[in-house]
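Comments concern the structure below.
The values are calculated or read from the model by the stated rules, or taken from the named source; none is laboratory data. These numbers come from a predicted model, not from an experiment. Here the Cβ is made from the backbone with ideal geometry for all residues, glycine too, and neighbour counts use every protein chain on show.
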2 protein chains.
Amino acid sequence: MGIVTAGIAISLDGFAAGPNQTREKPFGDGIDGRLHTWMFDHADENAAEVAALTSAGAYVMGRNMFGPDRSAWDLDWRGWWGPNPPYHAPVFVLAHRPRDTVAMDGGTTFEFVTDGIDSALARARAAAGDQDVAIAGGASTINQYLAAGLIDELRLHVVPITVGVGERLFPVSPQLTLEPVSVRQTPHVTHLVYRRPTVPG
Amino acid sequence: MGIVTAGIAISLDGFAAGPNQTREKPFGDGIDGRLHTWMFDHADENAAEVAALTSAGAYVMGRNMFGPDRSAWDLDWRGWWGPNPPYHAPVFVLAHRPRDTVAMDGGTTFEFVTDGIDSALARARAAAGDQDVAIAGGASTINQYLAAGLIDELRLHVVPITVGVGERLFPVSPQLTLEPVSVRQTPHVTHLVYRRPTVPG
């Protein structure tokens, strides 16, 4: 059986997005693409970590990552990723209202889950089989799964900028104690991997 | 000429201390020694980074790091470090009121600077000669020097716990763009070194 992973890009001061995320500014004010330059403009030097983002057997995604505002309710909205999203697997989107599953090119499906994070994870585990499940983001969704103790491996991609305002990954309640697994630094980002301690901290 | 460094231990969610720091609980509520275990209980595996904390030719220290409350005004208060502090060099303490210099064993002196961070740094540079100046902490003092663009090298010792409330290292205004220099992970802490970009970011 696979593990549950979560990966997210954050600034040195812990922000995953700026304020006021919209369709026009998906990362919020003041961010532009700066938290994600490493995966687009510098994909070669971060190849392993970029590949890991889309290597799971199934995904759970927050409503705000799928789309801003009420996009999950909008039958025309099919995510940010164009006709062939990079997931190539089932993506369970946390939603407030039911919507029919959307089948995209390349094997990605967006399935809308209205009964909570446990249900979404259970469905993703069933779909993933022996493969890992990835909590794809955004910050508040990863935060909820961290708080529930459901993330086995947390992969932080720390970009050496400060942002000052926006959506934070932390704090999490209750407090976490993690174990460092690995770290790798490239010129534009530092990749930190943590796991849940084997003995609760 | 040396550079200006700043090193500080922070939690994964960016806190350098808990709330309500007092003489009895110098790290604040809920922290105990957890942000500093790496340098005391696991000094061997972090030997290089522990040594670097006290390798400068002179230091600047914030009022709250020297002592809680109004300790800098209290002629009986001589810091947390006992009769022979680990600095063995001049330490310029930012203070609101003048106080005579305190000479400790082993060459550490505490000199109280009442005319601001630029003055304290200038005096520390003069005292350090060709050696580095270290901004010893705490978080708010490092933050002021970061905001003023006066830190050449920032050394973060990231402890894999979340704290949730207390004194943050960030945010800094204006926003920072740093360059990663090095990273090293040991079982209890991750050492991240950044420098000011050669071309302002």
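Quick look at the numbers
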quantity	calculated
One residue from A:VAL181, A:VAL159 being surrounded by fewer than 22 Cβ atoms within 10 Å (Cβ to Cβ), closer than 21 Å to B:VAL183 by Cα, assigned by TED's automatic domain parsing to the domain that holds A:THR5 and of a type in the set (A, V, I, L, M)	A:VAL181
Scan of region A:187-201 for residues that are under 23 Å from A:ASN46 (Cβ atoms) and surrounded by 16 or more Cβ atoms within 10 Å (Cβ to Cβ), ordered by number	A:HIS188, A:VAL189, A:THR190, A:HIS191, A:LEU192, A:VAL193, A:TYR194, A:ARG195
Search result, residues across region A:46-68 that are assigned to a helix (DSSP H, G or I) and over 17 Å from A:ARG168 (Cα atoms)	A:ALA47, A:ALA48, A:GLU49, A:VAL50, A:ALA51, A:ALA52, A:PHE66
Matching residues in region A:69-104 - criterion: being of a type in the set (A, V, I, L, M) and either in a loop (DSSP other than H, G, I, E, B) or modelled with pLDDT of 90 or more (or both)	A:LEU75, A:ALA89, A:VAL91, A:VAL93, A:LEU94, A:ALA95, A:VAL102, A:ALA103, A:MET104
Residue check, A:ASP13 closer than 30 Å to B:ILE8 by Cβ, within 14 Å of another protein chain (Cβ to nearest Cβ) and surrounded by fewer than 18 Cβ atoms within 10 Å (Cβ to Cβ)	no
Filtered residue count, region A:174-201, keeping only those that are at pLDDT 90 or above, more than 22 Å from B:ASN143 (Cα to Cα) and β-branched (Val, Ile, Thr)	5
Number of positions in region A:174-200 that are at the interface with another protein chain (Cβ under 9 Å from one of its Cβ atoms), touching a residue at least 24 places away in the same chain (Cβ under 8 Å) and in a loop (DSSP other than H, G, I, E, B)	5
Residue in region B:1-45 that is farthest from B:GLU167 (Cα to Cα), counting only those that are more than 13 Å from the chain's Cα centre (by Cα) and not in a loop (DSSP other than H, G, I, E, B)	B:PHE40
Matching residues, region A:93-121, being under 17 Å from the mean Cα position of the chain (by Cα) and surrounded by 15 or more Cβ atoms within 10 Å (Cβ to Cβ)	A:VAL93, A:LEU94, A:ALA95, A:THR108, A:THR109, A:PHE110, A:GLU111, A:PHE112, A:VAL113, A:ILE117, A:ALA120, A:LEU121
Some residue of region B:133-155 being assigned to a strand (DSSP E or B), facing chain A (nearest Cβ under 7 Å) and either over 19 Å from the mean Cα position of the chain (by Cα) or surrounded by fewer than 22 Cβ atoms within 10 Å (Cβ to Cβ) (or both)	no
Where a residue in region B:80-96 is within 12 Å of B:THR54 (Cβ to Cβ) and its partner, wherever it lies, is surrounded by 22 or more Cβ atoms within 10 Å (Cβ to Cβ) and of a type outside the set (Gly, Ala, Ser), with Cβ under 6 Å and at least six apart	B:PRO85/B:THR108; B:TYR87/B:TYR59; B:TYR87/B:THR108; B:HIS88/B:THR108; B:VAL91/B:TYR59; B:VAL91/B:MET61; B:VAL91/B:PHE110
Qualifying residue in region A:165-173 (condition: at the interface with chain B (Cβ under 8 Å from one of its Cβ atoms), touching an Asp or Glu at 6+ places or on another chain (Cβ under 7 Å) and either at pLDDT below 95 or not in a loop (DSSP other than H, G, I, E, B) (or both))	yes
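Yes or no, residue by residue, for (1) buried (at least 21 other Cβ atoms within 10 Å of the Cβ); (2) among the hydroxyl-bearing types (Ser, Thr, Tyr); (3) outside the structural domain of B:PHE112 (by TED's automatic domain parsing):
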{"residue": "B:ALA17", "(1), (2), (3)": "yes, no, yes"}
{"residue": "B:GLU24", "(1), (2), (3)": "no, no, yes"}
{"residue": "B:ILE31", "(1), (2), (3)": "yes, no, yes"}
{"residue": "B:ARG78", "(1), (2), (3)": "no, no, no"}
{"residue": "B:TRP81", "(1), (2), (3)": "no, no, no"}
